[in-house]
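Notes to accompany the following structure.
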Amino acid sequence: VSAVEAVQAHLDRIGEVDPAINAFLHINTDEALRVASEVDKERSLEDAMHPLAGVPIAVKDLIVTKGQPTTAGSKILEGWHSPYDATVVRRLRDAKMPILGKTNLDEFAMGSSTEHSAYGPTRNPWDLDRIPGGSGGGSAAAVAAFEAPLALGTDTGGSIRQPGAVTGTVGVKPTYGGVSRYGAIAMASSLDQIGPVTRTVLDAALLHEVIGGHDPHDSTSLTDPVGALVDAARNGDVRGMRIGVIKELQGDGYQDGVQARFNEALDLLRQAGADVVEVSCPNFRYALGAYYLIMPSEASSNLAKYDGVRFGMRVVPDGAPTIERVMGATRAAGFGDEVKRRIILGTYALSAGYYDAYYGSAQKVRTLIQRDFDAAFGQADILISPTAPTTAFKLGEKLDDPLAMYLNDVATIPANMAGVPGISIPGGLADGLPVGIQFLAPARQDARLYRAGAALE
Ligand code: GLN
C-alpha cells in the first residue's frame with residue numbers, strides 16, 4: 001500500500017469507530033495526507049527512507065504540535081495553539097511520519113481512566129462500557145481499535161503502561177532522560193517521560209529509536225545514544241537472563257485472572273530458558289503514598305502558569321478586573337475537580353511548616369525505592385510484575401473514589417520514582433479482557449525490555 005492509502009484507511013477507520021470510542025480530540029486530515037503524498041513521491045525516487053516513513057501516528061494531546069491545537073484535556077487550554085513543536089514531534093516529522101491527530105487524556109494527565117478529560121471519556125474498544133486506562137487512554141484506545149498503528153503517550157506514574165495493559169497494547173516508559181521532554185506539557189517534571197504505544201514490541205522499538213536520544217532543549221536529557229533497541233526486539237533471546245519476580249507486586253489485591261496470566265508468563269519465560277528468581281522490594285509499599293505527595297507538589301508549581309494571562313482561557317469576572325480576580329475566575333472555570341484536588345494537595349504539602357513532614361519524607365521514600373531497585377538489579381537482569389492489579393474497570397466505577405482510582409497504579413509508579421524504564425506487553429485475556437505484563441530494567445538498559453518483551457510476544 002502507498003502511504004496515502006495507509007493514512008486514508010486510518011482516517012476512514014477513525015470516521016467509522018471514533019464517534020463511539022472518542023480517542024481523538026483533533027484530526028489532522030489535510031496535513032497527514034500531504035505528508036503521506038510527499039513520502040509516496042520520494043519513495044518512487046528510491047531514496048533511502050526511514051522504515052517508518054509514511055506510517056501514520058497519533059499523538060497524546062499533552063505533547064505540543066505546531067499547526068494543531070493542544071489542550072492537555074483541559075478547558076483552560078481550549079483553542080490554544082503552540083508556537084513550536086515538541087522535540088519528539090519534530091523527530092516524527094523528520095522521519096516523515098504523518099500525524100493523524102491528537103488523542104484524549106485525563107486533564108493534564110491526572111488520572112487512570114481518561115474519565116477526567118474535559119472533552120468526555122474515551123471508551124475501551126474491547127468493551128465500550130469500560131475505561132481504556134489513563135491518563136493516555138486515547139492513544140491506547142486508538143492503537144487497540146486500529147485507528148492508528150502507532151501513538152505517543154506520556155508516563156508520569158503509569159499513563160503509558162496501564163492503558164497499554166487494559167487495552168492489549170504495548171506501552172513503553174523509557175529511562176528518565178532517554179526521550180526529550182521538550183514540548184511535553186509538564187505534569188511532574190522529575191517523573192514525566194514520553195514513550196511509544198504500539199501493537200507489537202518491534203514497532204515500539206522502531207518508534208523509540210525515532211524519538212529517543214539527546215536533546216539540548218531538555219536539561220535532563222541523557223547524552224547516551226538511544227541504543228540498539230530494534231536489534232533487541234528482533235532478538236528475543238532470554239536464555240540465561242535472570243528475571244526477578246517482585247514479591248510485593250502480586251498476590252493480595254491482584255485480580256485472580258491477572259495473577260493466572262502472570263504465572264503463565266513466568267512459565268513461558270522459564271521454557272524459553274530464562275532463570276526466574278524472586279526478589280523483594282519492601283519499600284515499594286510506600287511508593288503510592290510518596291508519589292501522591294511528589295506528583296501534586298510538582299504539578300502545583302507547573303500549573304501556576306495557567307493564570308488567564310499567558311495561555312488559553314481568560315475569564316474576567318464582574319467588578320474590578322484585578323489580576324488576582326481574573327486568575328481566580330479563570331482557574332475556577334478552567335480546571336476540573338481532579339486538577340484542583342491535586343493543586344490543593346501539592347500546595348499544602350509544600351507549605352512552610354508541612355514541607356519537611358510531607359514533601360521531605362516523600363523524597364526520602366523515593367531514595368529507599370531507588371535502593372530497592374539497586375538491590376533487586378544485583379540479583380536479576382530485569383524485573384517482572386503484572387502491569388496493573390485489575391483488568392479494565394467499568395466507566396464510573398471509581399470516579400467518586402480517588403483512592404481506589406490511585407491504587408490502579410501501584411505496580412507502575414515505582415519505575416517513575418526511580419527513573420528506570422518499563423514496558424507493558426499484552427499477556428492474554430482474563431474474562432475476555434486484556435491483562436498486561438510489565439518488565440522493568442535498570443536505567444539506560446531499555447534494550448533489555450525489548451529483548452524480554454519479544455520473548456513473551
Ligand atoms: N494515573 C497516575 C496519576 O493519576 C499516573 C498519571 C500519569 O502517568 N500521567 O497520577
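Taking only the C-alpha atoms of the range 3-234, Rg followed by Dmax gives 16.0, 48 Å. Ignoring lysines fewer than eight residues from Lys41 along the same chain, the ones with Cα atoms less than 28 angstrom from its Cα are Lys66, Lys96, Lys102. Each Cα pair under 8 Å and six or more residues apart adds its separation to the average, and for the chain the resulting relative contact order is 18 percent.
Here the 3J(HN,Hα) profile of the range 83-94, calculated from phi with Karplus coefficients 6.51, -1.76 and 1.60 at θ = phi - 60°, is x, 9, 8, 4, 4, 5, 5, 4, 5, 4, 5, 5 Hz, Gly and Pro shown as x.
Ordering Ser44, Ser74, Ser280 from the fewest to the most neighbouring beta carbons within 10 Å gives Ser44, Ser280, Ser74.
Which entries in Lys305/Lys364; Lys60/Lys394; Lys60/Lys305 show an alpha-carbon gap greater than 26 Å?
Details: Lys305/Lys364 28 Å; Lys60/Lys394 23 Å; Lys60/Lys305 21 Å.
Lys305/Lys364, as the Cα separations exceed 26 Å there.
Ordering Val326, Val166, Val277 from the fewest to the most neighbouring beta carbons within 10 Å gives Val277, Val326, Val166.
Take the Cα of Val1, step 7 Å toward its Cβ, do the same at Gln379, and the gap between the two points is 4.7 nm.
Our summary of shape: the Cα atoms of the chain have principal axis extents of 72, 64, 44 Å, ordered from largest down, in whole angstrom. Restricting the calculation to Cα atoms, the range 289-357 yields a radius of gyration followed by a Dmax of 13.6, 42 Å.
Just so you know, all these numbers are worked out from the coordinates, no wet-lab data involved. What you are looking at is a predicted structure, and each value in this text was computed from that prediction instead of being measured. No Cβ is skipped: glycine too gets one built from the backbone with ideal geometry, and neighbour counts run over all protein chains shown.
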